[in-house]
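**Student:** Handing you a structure now.
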Amino acid sequence: MTADEVLATPLQFLKGVGPRRAADLENAGLVTLEDLLYRFPIRYEDRSRLQPIATLKPGQTVSIAGRILAAGLRSTRRPGFKIFEAAVDDGTGSLRVVWLNQPYLKDIIVRGLHVVLYGTIEMRGSVTMQLTNPPYEIIDDDEGELIHTGRIVPVYESTGTIKPKMQRRIVHDALQRLPADLPDQLPEDVRVRLGMPSRLAALLATHFPPDDAPIDALNRFRTPAQQRLIFEEAFIFQMGVLARRQTAAAEQKPIAIHVDARIRESARAVLPFRLTTGQKVAL
């Protein structure tokens with residue numbers, strides 16, 4: 001499959017999409033793999049620094065990694081509303097984690113599982129700290145790479161039923177399909193002269209930045225990868241303007257009409273009123 005064919009791949013054929021989610025994406029103007037990759041994150045969260053549980057304080061927004069010591073589902077006084085609770089230990093201490101009304105987690109988060117969690121530490125009572133509804137990622141799953149936690153994470157605008165976490169997974173899958181020799185839309189001499197990364201490198205670093213990328217620059221869209229993609233858009237737009245001008249210049253012009261003094265006098269002669277100064281200028 002050529003690079004152009006990869007970029008033209010309909011989104012419904014990506015892992016986890018299918019016809020229904022593809023329709024949601026199409027409503028946002030996203031039809032092909034290329035459309036998806038040129039819809040950039042609206043912001044980034046730094047979830048790369050794992051903090052020991054023993055050092056946690058209320059109000060901190062943190063990433064932690066540990067093993068599930070215990071997990072279970074309990075009912076509440078509200079009919080049909082259940083709470084899934086887990087205890088996570090990282091060797092320095094343990095932390096209570098709860099997910100509200102997400103009973104399906106009992107089949108996913110089980111004792112012994114190694115997970116990374118992200119969220120804001122809260123106090124429950126006078127001595128208990130907890131995370132509530134944190135995004136999680138199972139470290140020893142089959143993805144081979146953390147994409148939701150333990151790194152700088154892209155956050156996308158929701159699209160219908162497709163929430164940011166799901167879109168992150170879909171984009172990650174799309175990036176894996178790009179060929180190493182992805183054609184660049186910028187002329188090589190222009191790109192090299194300006195010191196810009198390749199198209200492939202820019203797409204990878206914009207969607208999933210390296211851990212050393214400055215979070216402030218990312219959220220201002222000022223990293224080299226992001227700036228390259230901004231420049232690419234402006235460059236292609238200007239090339240389109242130039243192409244339209246060249247096409248217009250090459251078209252055969254109609255016969256030009258020349259207005260001389262004789263024609264102007266003829267026009268004045270048929271008018272039943274005296275022209276003002278402005279009308280004379282216009283004529």
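The values are calculated or read from the model by the stated rules, or taken from the named source; none is laboratory data. Keep in mind the model is a prediction, meaning the values are calculated, not measured. Neighbour counts are summed over all protein chains in view; Cβ atoms, including those assigned to glycine, are modelled from backbone coordinates with ideal geometry.
**Student:** Please state which of the following conditions Gly16 fails to meet, knowing it meets all the rest: (1) within 28 Å of the chain's Cα centre (by Cα); (2) in contact (Cβ under 8 Å) with a residue 40 or more places away in the chain; (3) closer than 13 Å to Leu131 by Cβ.
**Tutor:** (3)
**Student:** Right, another one. Scanning for something assigned to a helix (DSSP H, G or I) and among the basic types (Lys, Arg), does segment 91-102 turn up at least one residue? Explain how you work it out, then say what you get.
**Tutor:** Kept after step one, since they are assigned to a helix (DSSP H, G or I), are these residues of segment 91-102: none.
Taking every residue of segment 91-102 in turn, none turns out to be assigned to a helix (DSSP H, G or I) and among the basic types (Lys, Arg).
**Student:** Working carefully through the options Tyr118, Tyr104, Tyr44, find the one that is without any contact (Cβ under 8 Å) to a residue 12 or more places away in the chain and within 30 Å of the chain's Cα centre (by Cα). Talk me through it step by step, then tell me what you get.
**Tutor:** Details: Tyr118 fails: without any contact (Cβ under 8 Å) to a residue 12 or more places away in the chain; Tyr44 fails: without any contact (Cβ under 8 Å) to a residue 12 or more places away in the chain.
That would be Tyr104, the only listed residue that is without any contact (Cβ under 8 Å) to a residue 12 or more places away in the chain and within 30 Å of the chain's Cα centre (by Cα).
**Student:** Follow-up. Being aliphatic (A, V, I, L, M) and within 18 Å of Leu95 (Cα to Cα): is that true of Leu30 here? So that I can check it myself, show each step before the final result.
**Tutor:** Numbers: aliphatic (A, V, I, L, M): yes; within 18 Å of Leu95 (Cα to Cα): no.
So Leu30 fails the test.
**Student:** Can you name the residue in segment 127-165 that is modelled with pLDDT under 90 and of a type in the set (A, V, I, L, M) and, of all such residues, is surrounded by the most Cβ atoms within 10 Å (Cβ to Cβ)?
**Tutor:** Ile162
**Student:** Just to verify a result, which residue in segment 193-230, among those that are touching a Ser or Thr at 6+ places or on another chain (Cβ under 7 Å) and surrounded by fewer than 17 Cβ atoms within 10 Å (Cβ to Cβ), is farthest from Ala174 (Cα to Cα)?
**Tutor:** For segment 193-230, the residue satisfying everything is Ala217.
**Student:** I've got another one for you. Could you please give the count of residues in segment 246-270 that are of a type in the set (Asp, Glu) and within 14 Å of Lys280 (Cα to Cα)? Give the steps one after another, and end with the answer.
**Tutor:** Let us first name the residues in segment 246-270 that are of a type in the set (Asp, Glu), namely 251, 260, 265.
Those still in the list that are within 14 Å of Lys280 (Cα to Cα) too: 260, 265.
Matching residues across segment 246-270 total 2.
**Student:** Let me ask you something else. If Gly59 passes every condition in (1) surrounded by 12 or more Cβ atoms within 10 Å (Cβ to Cβ); (2) assigned to a loop (DSSP other than H, G, I, E, B); (3) of a type outside the set (A, V, I, L, M, F, W, C); (4) within 28 Å of the chain's Cα centre (by Cα) but one, which one does it miss?
**Tutor:** Every condition holds for Gly59 apart from (1).
**Student:** Does any residue of segment 37-49 turn out to be of a type in the set (A, V, I, L, M) and assigned by TED's automatic domain parsing to the domain that holds Arg177? Even if it seems obvious, please write down each step before you answer.
**Tutor:** First, the residues of segment 37-49 that are of a type in the set (A, V, I, L, M): 37, 42.
In the following step, the residues that additionally are assigned by TED's automatic domain parsing to the domain that holds Arg177 were identified as 37, 42.
Yes; the residues of segment 37-49 include at least one that is of a type in the set (A, V, I, L, M) and assigned by TED's automatic domain parsing to the domain that holds Arg177.
**Student:** I want to confirm something. Restricting to segment 222-241 and keeping residues that are of a type in the set (D, E, K, R) and in contact with a helix residue (DSSP H, G or I) (Cβ under 9 Å, 6 or more places away or on another chain), which single residue is farthest from Ala202 (Cα to Cα)? Don't jump to the end; show me each part of the working.
**Tutor:** Of all residues in segment 222-241, those of a type in the set (D, E, K, R) come to 222, 228, 232-233.
Imposing the further condition that a residue be in contact with a helix residue (DSSP H, G or I) (Cβ under 9 Å, 6 or more places away or on another chain) reduces the set to 222, 228, 232.
Working: Arg222: 12, Arg228: 7, Glu232: 11 Å.
Among those that are of a type in the set (D, E, K, R) and in contact with a helix residue (DSSP H, G or I) (Cβ under 9 Å, 6 or more places away or on another chain), it is Arg222.
**Student:** Can you tell me which of (1) part of a helix (DSSP H, G or I); (2) surrounded by fewer than 14 Cβ atoms within 10 Å (Cβ to Cβ); (3) modelled with pLDDT of 90 or more is the one Glu34 doesn't meet?
**Tutor:** Here Glu34 clears every test but (2).
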